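Below: the structure, in structure tokens.
Values in this text are rule-based calculations from the coordinates and carry no lab data. Just so it is clear, the model here is predicted, and its values are computed rather than measured. Here Cβ is always computed from backbone atoms with ideal geometry, including for glycine, and neighbour counts include all displayed protein chains.
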Amino acid sequence: MRIAFIADIHSNLPALEAVLADIKKESCDIIYFAGDAVGYGPWPAETISLLMSQNLVGIVGNHDTGVVGSSSLRGYYDAARYVIEWTRQQLSAAQFEWLSSLSYTKTPYEWLLLSHGSPDYPQEFRYVATAHDVELLQHSHLKLPHLTVVGHSHLQRLFLMTSGKRALELSVDEESGISLDKNAPYFCIAGSVGQPRDGDTRAAWSLYDREEGQFYFKRVEYDISLVQKEIERKGLPRNFGVRLAEGY
Ligand SMILES: [Fe+2]
């Protein structure tokens with residue numbers, strides 16, 4: 001089984017289309033979506049409609065819960081809150097219902113856990129971005145499975161969790177990926193489809209070939225200028241387009 005992990009799409013339709021084409025090319029059997037379909041970007045309705053048409057299993061991110069009203073918007077800066085409120089007006093009843101129906105975490109198999117932020121308190125959307133963050137999580141009440149996959153930080157990282165409750169960040173070869181030990185626990189930040197913040201402007205996703213035990217970080221080019229033009233056309237904050245071209 002070849003599994004695709006996507007996260008943090010943020011209404012960036014061209015990036016999602018490029019990633020879905022790449023996923024198809026890689027002959028993946030299923031897509032797991034780790035939250036934040038919307039927010040920041042200019043195509044919320046089209047993005048959700050495309051997600052609904054896929055063979056995927058998803059969970060919510062903080063921007064999604066902000067849009068459907070199940071979390072407070074108090075923690076957001078003005079521009080992000082503005083787009084969340086604008087997004088709410090763009091969705092059809094069916095799209096709103098789909099977004100509302102997603103849960104905070106999912107365990108599709110006993111070996112796989114999905115959460116948008118830290119899985120110990122998933123409704124609080126805490127960031128896990130560094131080895132230190134992963135080590136803190138290892139001291140929580142959770143028993144983490146073979147693979148935990150999150151989004152939220154918009155980074156793309158893989159950590160091995162050792163028996164001494166240490167976390168080692170692993171280097172994943174762009175071409176050949178990395179071989180995972182099926183009996184060891186790993187923590188993956190899947191990468192952001194629609195707003196990468198690791199200095200690489202290409203859309204990001206992750207691939208795990210479960211039978212072969214081979215894990216890959218994937219990147220794919222898309223037309224950033226198209227998104228910038230649509231952000232301007234719809235009167236959304238310009239900076240959400242500028243940052244796409246800078247990868248932060
Ligand atoms: Fe996000």
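Just a few scattered comments:
- Of the trypsin sites (Lys or Arg not before Pro) found in the range 64-109, those in coil by DSSP whose Cβ has at most 12 other Cβ atoms within 10 Å are Arg74.
- In this simple spin-label approximation, His139 and Tyr77 carry label points 7 Å from Cα along the Cα→Cβ vector, and these lie 3.1 nm apart.
- Gained length - Met1 relative to Glu97, 0.36 nm times residue gap less alpha-carbon distance: 31.6 nm
- With a simple spin-label model that places each label point 7 Å from the Cα along the Cα-to-Cβ direction, the separation between Glu26 and Glu46 comes to 2.4 nm.
- Each of Phe159, Phe5, Phe96 has some number of other Cβ atoms within 10 Å of its Cβ, and from fewest to most they run Phe96, Phe159, Phe5.
- When peptides 181-190, 208-217 are ranked by their average number of other Cβ atoms within 10 Å per residue, the highest-first order is 181-190, 208-217.
- Residues Glu85 and Ile178, FRET efficiency given R0 of 45 Å [Cβ-Cβ distance, rounded to 0.05]: 0.65
- For the range 2-245, the spread of Cα positions along each principal axis, largest first, Å: 51, 37, 31
- Compared with the dominant Cα axis of the chain, that is its longest principal axis, helix 13-25 is turned about 40°.
- Point-to-point label distance, Asp223-Glu246, nm (Cα→Cβ direction, 7 Å offset): 2.5
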